[in-house]
Each structure stands twice: as C-alpha cells, then as structure tokens.
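See structure below.
The values are calculated or read from the model by the stated rules, or taken from the named source; none is laboratory data. Keep in mind that this is a model prediction, so the values were computed, not measured. Positions of Cβ are generated from backbone atoms using ideal geometry, with glycine treated the same way; all protein chains shown enter the neighbour counts. Ligands, DNA and RNA are excluded from the accessible area calculation, which covers all protein heavy atoms including side chains. Shrake-Rupley method; radii C 1.70, N 1.55, O 1.52, S 1.80 Å.
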Amino acid sequence: MGADTNTASYVADQHASRAGAGIPLMLQHYWWGEKALIDEGLNVIALRNNFFMNHLLKTDSETIDCECWFSNPLGDMRNSSVATRDIAEPAMVVLTEGPERHANKFYDITGPAPQFMAESASDLGRAMGKDVEYRAQSMVDFEADFGATRAEFFEYLTNGFYIRCSPNFYNLTGHKPTAYYDYLTTEGVSGETGLEELWHGNLWKKGADAMKDAVKG
C-alpha cells in the first residue's frame, strides 16, 4: 500500500488530479514503515491491502440508517475494496510458512472485483432489505466534511489506483477473497456480519478533521 518505490515506479504528481498534490500522507505512512525495516537489512514480508470494505461507508452510517443514502466523491471510479477478514488469513499463511518461502516479498491483497459505488449501494440495499441510493459528492464538499488528509486519500481512489484485482490472496489461501455482499451478510470470526459492523463507531466524523493534529506532528 502506498508509494512502494522498491517494487514499482511511482511518480508523485501522477497520484493526484489536483495540481501540486502529492502521494497521500496516509499512504506514505505505510511505506515509511516498510522502508525503516528494509533499511535495517531485515527480511520483510508485507501485505499491501486495498481500501477496507469495513471503512467504506462508516462515515454515512447514520444517513444510511435514517434516510437510505450515502455520498462520497468516488463517482464512476471502481475500487476493489478488501474485507479485513481477508487480510488476517494470508497473514496467517505467511507467518506459518515463514521467511523461507516469503522473505522480501510484497503481496497486494484486494477484493475479488472492482465495484462502482452504485453497485456497492445495491449490495447494501439487498443486505438491508430496502433500497439504498448512492449520491455523488464533489471533492470540495468532501474535504469540507472530513479534512484535507482524507480528501487527498479519496482523490487517490478516484484516480483508479485501487481498481486492481490481485491474484495474491488466491495464491496464498487457495480460494477467492470475499465479495462486498458476502462481507455484509456473513459472520466473521467475531460473530458479526459486515452489516452489523457498519453501525459501530469510527474515527471519521463529518465536520471534523481527524488527522489535523497528526499532520502537524
């Protein structure tokens, strides 16, 4: 996840559509963690995960519950979001099999297929037993809701960097990753479905920049 310059050629000004915007800070954090280990000469195994299904709509849970709609600026861009339960399983595989098989390998973990937001709304509505609508939002309004750092990350999503569908999950586990509807309607190891998890609290609240102080630091 992020600017993995050891394994690909990323150019900062190609990661955003706004002039002067660079690689999102949230993604740089992931790369800095990898780089610190690599620079120490350690054997590194990294799972680079697409945007989490679990976080996809949490910011709109109240609107979904009360009014059956949600909004964000992803528009007509597909994204292959991944269920967090599908991160734990390949992590167990690489830890069990160890560095003899996986040292210095970097695995992209994605969902099974990229989805438009309208398709995610359809899956959510089917899981809830009612119609749910996706309403497109401008990036300006989204940034006003959640701050520049989160808007920068969503801009990265709108440019198609998470449309990829990697075979790595299948190659490590022997089966397909979880589709969004299946995530919503089946229980994870915690005993909760993804739909039940949607109503849990989350870091991002409309009208508050949750990363404001972190960026200053």
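Tabulated results
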{"read-out": "Hits in the stretch 89-119 (condition: small (Gly, Ala, Ser) and touching a residue at least 12 places away in the same chain (Cβ under 8 Å))", "value": "Ala91, Ala103, Gly111, Ala113, Ala118"}
{"read-out": "Restricting the stretch 56-94 to residues that are open to solvent by 20 Å² or more (accessible area, probe 1.4 Å) and among the β-branched types (Val, Ile, Thr), the residue that is farthest from Ser166 (Cα to Cα)", "value": "Thr63"}
{"read-out": "Exclusive hit being modelled with pLDDT under 95, of a type in the set (Ser, Thr, Tyr) and farther than 25 Å from His29 by Cβ, set Ser120, Ser190", "value": "Ser190"}
{"read-out": "Matching option when the condition is surrounded by 15 or more Cβ atoms within 10 Å (Cβ to Cβ), touching a helix residue (DSSP H, G or I) at 6+ places or on another chain (Cβ under 7 Å) and assigned to a helix (DSSP H, G or I), among Ala121, Ala127", "value": "Ala127"}
{"read-out": "Tally of residues being free of Cβ contacts under 8 Å to residues at least 24 places away in the same chain and of a type outside the set (A, V, I, L, M) across the stretch 202-217", "value": "3"}
{"read-out": "Subset tally (residues that are part of a loop (DSSP other than H, G, I, E, B), open to solvent by 20 Å² or more (accessible area, probe 1.4 Å) and of a type in the set (A, V, I, L, M)) for the stretch 40-55", "value": "1"}
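Here's the yes/no breakdown for (1) out of contact with any Lys or Arg (no Cβ under 9 Å at 6 or more places or on another chain); (2) open to solvent by 30 Å² or more (accessible area, probe 1.4 Å); (3) part of a loop (DSSP other than H, G, I, E, B):
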{"position": "Arg150", "(1), (2), (3)": "yes, no, no"}
{"position": "Phe154", "(1), (2), (3)": "yes, no, no"}
{"position": "Arg164", "(1), (2), (3)": "yes, yes, yes"}
{"position": "Asp213", "(1), (2), (3)": "yes, yes, no"}
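Quick grid of which residues meet (1) of a type in the set (A, V, I, L, M); (2) in contact with a helix residue (DSSP H, G or I) (Cβ under 9 Å, 6 or more places away or on another chain); (3) assigned to a helix (DSSP H, G or I):
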site: Ser61; (1), (2), (3): no, yes, yes
site: Cys66; (1), (2), (3): no, no, yes
site: Met77; (1), (2), (3): yes, yes, no
site: Asp86; (1), (2), (3): no, yes, yes
